[in-house]
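The values are calculated or read from the model by the stated rules, or taken from the named source; none is laboratory data. Not measured: the values here are computed from a predicted model. We place every Cβ from the backbone using ideal geometry, glycine too, and count neighbours over all the protein chains shown. When the accessible area is computed, the model is the full protein with side chains, heavy atoms only, and any ligands, DNA or RNA have been set aside. Shrake-Rupley method; radii C 1.70, N 1.55, O 1.52, S 1.80 Å.
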Amino acid sequence: MKNSIFKLLLTGVMLFGTIAIYAQLPSIQYYRYNDLRGWNVFETSKEDTVKYDGFKVRVGGGFAMQFQGLSQSNDDGLTANVGGTDYSLDLVDLDNNMTLPTANLNFDVQLEDGLRMHLRTYLSSRHHPEAYVKGGYLQIDKLDFVSPGFMSGLMEKATIRVGMDEINYGDAHYRRSDNARALFNPFVGNYIMDAFTTEPFIELRYQSNGFIGMLGITNGRLNQEPVPGDDGRVIFGKLGYDKQMNDDFRLRLTGSFYNSSDGSTRDYLYGGDRAGARYYSVLHTINDDVVNRRGPSDFEPRWNPGFSSHTAIMINPFVKFKGLEFFGVYETTSNGDDTGGGYNQIAADVIYRFGESERVFLGARYNAVSGEAADGAATQEIDRTHLGFGYFMTKNVMMKTEYVTSSYSGDGFTGTKLQGAEFSGVVIEAVIQF
C-alpha cells in the first residue's frame, strides 16, 4: 500500500511538471477544454474557430486528492444469516484521513481537418489502482478527408462520434467527476443514480441555431465478447435547445431517452463507471467479506437499480444568469421485463459563481431517489444534500470543500444494512486538470 501511495504522489508531481512543460498546448478543433474554459460546456460547438494546420497531439491529464471526514451509522442489531450463522451488519467506523488519489492521462489528437481522436487512461482509480484504458472515440465534424467540401452543407451542422466511451445520455454526465476529471463538478459526489457507462457506440448529432438533436446506438455491453446470446441493442437519443440569449442569460433544456432491448444487453447504464464511487468505505459493513461474496463494494454509495434492461428518460434544465446558475435532473427508469419496478430521481444544483472569471463559487444540491425493484415491492428512498465551496487557484487548479448528508428509508431496505442508514461529514478535494 505504501508503494502504491508513493507512486500516486509521484504521478501528481509529474502532472504538476507536465502543466509547466505543456504551458502552450496545441489548439484542437471542436474540443472541450479540460480546464476552467470547459465549465458549463456540454456538446462541443460546431463553430469552426481553430484553423487546421496539420497533425497535432495534445497531452493532458488530471489528478485529484481528497481528505475525507465522514461518519456513518445504521439501525442497531441488524444481522445477515450466512451458512446458518448470523453476522452483524453494523457499518464500519470511518476515520478522518486522506483517501487514495486518482489520476487520468488524456490524448487528444488532431488527425485531419475536422477529424480528431480522444483517448483517456485511468492511471489510478478507486476500483483499479493499476492503469487501464477508460475508452476513446473518433469525432468527425468535417468530411474533407474524403474529398474537399464533401457533404459540407450537412457537416456544417452535423457531428459523428464513434468509439467505446461514455455515451451521450442526459446532461448530468458532463458535470460529474470522471475519476480524476473532477474540475467540472462543483461538488465532490456524483448523483445517486449515476447514469454513466462506457460502451461501443455510434452517434449522429445535429446542431442548428440552438437546436440539438442526437441519435445513437450501442450493444449495451461494458465488456465485449462475440458469443451467442450477447446480441442485445440499445437506442438512445437527445432533443434540446441551448441558447445564449444575451450577455447575461443562457437557457438550455434537453430531454434524453435510453431503451435497451432485453436482458442480453447486460445493461450497465447505472453501473458502467469502473473507476468507483467518490466516497470511500461508505456503507461498508464490518462483515462484508463474509456477507458480500465479493467483499466490500467500491461503487457505494451510488444506487444501481440493477435491472437487466432499462427504459429511461432524463430531463435537464440549465439556466445561467450572470453568476447564478441552476441545473436540474428529472429521471425515471423502469424495468423492461415482466417483473416491472422502477425508480425516479430528482436533483437540483444551485451555484453562485463570483470573482475574476467566476473563479469562486458557492453551491447547494438536493438529490433524491425513490422506487421499487419490482411490481408490488416495498419502496426504497434515498435523500442526499450537498453544500459546497470552491476556488480556482488557476484555470487548471481547483480546491473545493463539501458538506454532505445522506439517509436511507422505506420498507424496501428493511432487514438490509441500509435499514436506517445515514452518513454525513466534510470532504475536501484538490483537483489539477489540463
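Some values worked out for this structure:
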{"item": "FRET efficiency for Tyr366 and Phe150, using Cβ-Cβ distance with R0 set to 45 Å, rounded to 0.05", "result": "0.40"}
{"item": "Placed amide H near Phe211: partners under 5 Å, 5+ positions off or other chain", "result": "Asp242"}
{"item": "Segment 34-103 and segment 314-360: distance between their alpha carbon centers, rounded to Å", "result": "18 Å"}
{"item": "Dipole magnitude of segment 174-237, debye to nearest 20 (Cβ charges: Lys/Arg +1, Asp/Glu -1, about Cα centre)", "result": "320 debye"}
{"item": "Using alpha-carbon coordinates, inclination of helix 2-21 to the longest axis of the chain, degrees", "result": "20 degrees"}
{"item": "Dipole magnitude (debye, nearest 20) for the chain, charges at Cβ of Lys, Arg, Asp, Glu", "result": "1580 debye"}
{"item": "Sites excluded, trypsin sites (Lys or Arg not before Pro) in DSSP loops with at most 14 other C-beta within 10 Å, longest stretch of the chain", "result": "52-232"}
{"item": "Dipole moment magnitude, nearest 20 debye, segment 311-427 about Cα centre, only Lys, Arg, Asp, Glu C-beta charged", "result": "820 debye"}
{"item": "Structure-based [θ]222 nm, the chain - -39500 (n - 2.57) summed over DSSP H runs of at least 4, per residue, nearest 500", "result": "-2000 deg cm²/dmol"}
{"item": "Pairs from Lys46/Lys134; Lys46/Lys238; Lys243/Lys322 whose Cα-Cα separation, in the structure shown, is over 24 Å", "result": "Lys46/Lys134"}
{"item": "Aspartates and glutamates whose Cα lies under 19 Å from that of Lys142, excluding same-chain neighbours fewer than 8 positions away", "result": "Glu43, Glu47, Asp48, Asp53, Asp108, Glu112, Asp113, Glu156, Glu203"}
{"item": "Where labels lie 7 Å past Cα in the beta-carbon direction, separation of Ile315 and Val57 in nm", "result": "4.7 nm"}
{"item": "Stokes-Einstein D in µm²/s, Kirkwood radius over Cα pairs - segment 362-430 at 10 °C with 1.306 mPa s viscosity", "result": "114 µm²/s"}
{"item": "With every protein chain in place, segment 260-396: carbon and sulfur % of accessible area (1.4 Å)", "result": "56 percent"}
{"item": "For segment 382-434: accessible area per residue (Å², 1.4 Å)", "result": "36 Å²"}
{"item": "Percent carbon-and-sulfur accessible area, segment 110-200, ignoring ligands, DNA and RNA, probe 1.4 Å", "result": "65 percent"}
{"item": "Stretchable slack from Met98 to Met245, in nm (0.36 nm times residue separation minus alpha-carbon distance)", "result": "48.6 nm"}
{"item": "Nearest-0.05 FRET efficiency for Asn40 and Glu381, computed from C-beta distance (R0 41 Å)", "result": "0.85"}
